[in-house]
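First comes the structure, then the notes that go with it.
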Amino acid sequence: MARIATLRRFPSLEPIGQPIQDVREYEFSPDSLHLATRSSAGEFTLRRLSSLEPIGQPIQGVSGFEFSPDSPHLATWSSTGEFTLRRLSTLEPIGQPIQGVGGFEFSPDSLHLATWSSTGEFTLRRLPSLEPIGQPIQGINPDSLHLATRSVIDVFTLQRLPSLETIGRPIQGVGGFEFSPDSLHLATRSSAGEFTLRRLPSLEPIGKPIQGVDRFGFSPDSLHLATRSVIDEFTLRRLPSLEPIGQPIQDVREYEFSPDSLHLATRSSAGEFT
């Protein structure tokens, strides 16, 4: 099924420019000046948000991309594991590409970049030089004071930066995790779909685990948490009580909070946007 993206003004929902054909993935830049799109064939295009006019030439063979939080850089990653850091204004590469990268993440302060390979080798790097720093990691707390690592056997460890002192006991069976934007909570999910909210930095669980969670995400203001079950049931919850707000919404395949946390967008399996 072809995917067509339409940019709209808020709150009038008036379309901006022409719809963009064959959009597999898209992302707004943190400064709201640019829109990045990727087609099903892996063609990456950077666009000016005001007009949707492309910037430079499309980049072929892109499997993933991400803006740096402070917006001067863009990272692209190919299906062969080639990672490239680029200047956002020109898309010009910075330094040499890094080979064998299975995933990557910018630190919230845009001073560091974490890369990891398909074999579980994680490396922390300085930006923009990409020079490796000490031991590798997989996740960085938004306050940039803690780092989280998850091993290939799903053992989660929280450590202080820069001492790398371990905080609390490692948590077994962690298949995914996310820090809240205000750095007060950590959410973990097991490979079996058991979701747990934890206080930072103690890692003490809050309330009872929620079963059958396939995806979760914090609102930008850290007041709410969204969970989606394995049967695509979406639930919005208050933090930190995890009390559901309203009735669950059925058939939600994707969702996203607005940056100001005032709105929520959902998409069904049939492509219906609400």
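The values are calculated or read from the model by the stated rules, or taken from the named source; none is laboratory data. Since the structure is predicted, the reported quantities are computational estimates derived from the model, not experimental observations. Cβ atoms come from the backbone with ideal geometry, glycine included; neighbour counts cover every protein chain shown.
For every residue, the table says whether it meets (1) modelled with pLDDT of 90 or more; (2) assigned to a strand (DSSP E or B); (3) among the acidic types (Asp, Glu); (4) more than 30 Å from Asp260 (Cβ to Cβ).
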site	(1), (2), (3), (4)
Asp182	no, no, yes, no
Arg189	no, yes, no, no
Ala192	no, no, no, yes
Arg198	no, yes, no, no
Pro201	no, no, no, no
Lys208	yes, yes, no, yes
Phe216	yes, yes, no, no
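Answer yes or no as to whether Asp182 is surrounded by fewer than 16 Cβ atoms within 10 Å (Cβ to Cβ) and either in contact (Cβ under 8 Å) with a residue 12 or more places away in the chain or within 24 Å of Ser29 (Cα to Cα) (or both).
Values: surrounded by fewer than 16 Cβ atoms within 10 Å (Cβ to Cβ): yes; either in contact (Cβ under 8 Å) with a residue 12 or more places away in the chain or within 24 Å of Ser29 (Cα to Cα) (or both): yes.
Yes; evaluated as a whole, the condition is true for this residue.
Is it the case, given these coordinates, that Arg215 is closer than 22 Å to Ser269 by Cβ and of a type in the set (Lys, Arg)? It would help to see each step written out before you state the result.
Working: closer than 22 Å to Ser269 by Cβ: yes; of a type in the set (Lys, Arg): yes.
The answer is yes for Arg215.
Considering only residues of segment 185-194 that are aliphatic (A, V, I, L, M) and within 16 Å of the chain's Cα centre (by Cα), which is surrounded by the most Cβ atoms within 10 Å (Cβ to Cβ)?
Kept after step one, since they are aliphatic (A, V, I, L, M), are these residues of segment 185-194: 186-187, 192.
Imposing the further condition that a residue be within 16 Å of the chain's Cα centre (by Cα) reduces the set to 186-187.
Values: Leu186: 25, Ala187: 21.
This residue is Leu186.
What single numbered condition from (1) modelled with pLDDT under 90; (2) within 19 Å of Leu124 (Cα to Cα) fails to hold for Thr84?
Every condition holds for Thr84 apart from (1).
Does at least one position in segment 131-150 carry a residue that is more than 19 Å from Gly176 (Cα to Cα), surrounded by fewer than 20 Cβ atoms within 10 Å (Cβ to Cβ) and at pLDDT 85 or above?
Taking every residue of segment 131-150 in turn, at least one turns out to be more than 19 Å from Gly176 (Cα to Cα), surrounded by fewer than 20 Cβ atoms within 10 Å (Cβ to Cβ) and at pLDDT 85 or above.
May I ask you to list pairs of residues, at least six apart or on different chains, whose Cβ atoms are under 9 Å apart, with the first in segment 224-251 being in the same structural domain as Asp182 (by TED's automatic domain parsing) and basic (Lys, Arg) and the second being assigned to a loop (DSSP other than H, G, I, E, B) and crowded, with 18+ Cβ neighbours inside 10 Å?
Arg228/Val252
Can we say Ile231 is assigned to a loop (DSSP other than H, G, I, E, B), modelled with pLDDT of 70 or more and either crowded, with 19+ Cβ neighbours inside 10 Å or of a type in the set (Val, Ile, Thr) (or both)?
Answer is yes for this residue.
Every residue in segment 85-108 that is charged (D, E, K, R) and part of a loop (DSSP other than H, G, I, E, B), please. Let's see the steps before the verdict.
Residues of segment 85-108 that are charged (D, E, K, R), as a first pass: 86-87, 92, 105.
Within segment 85-108, Glu92 is the sole residue that qualifies.
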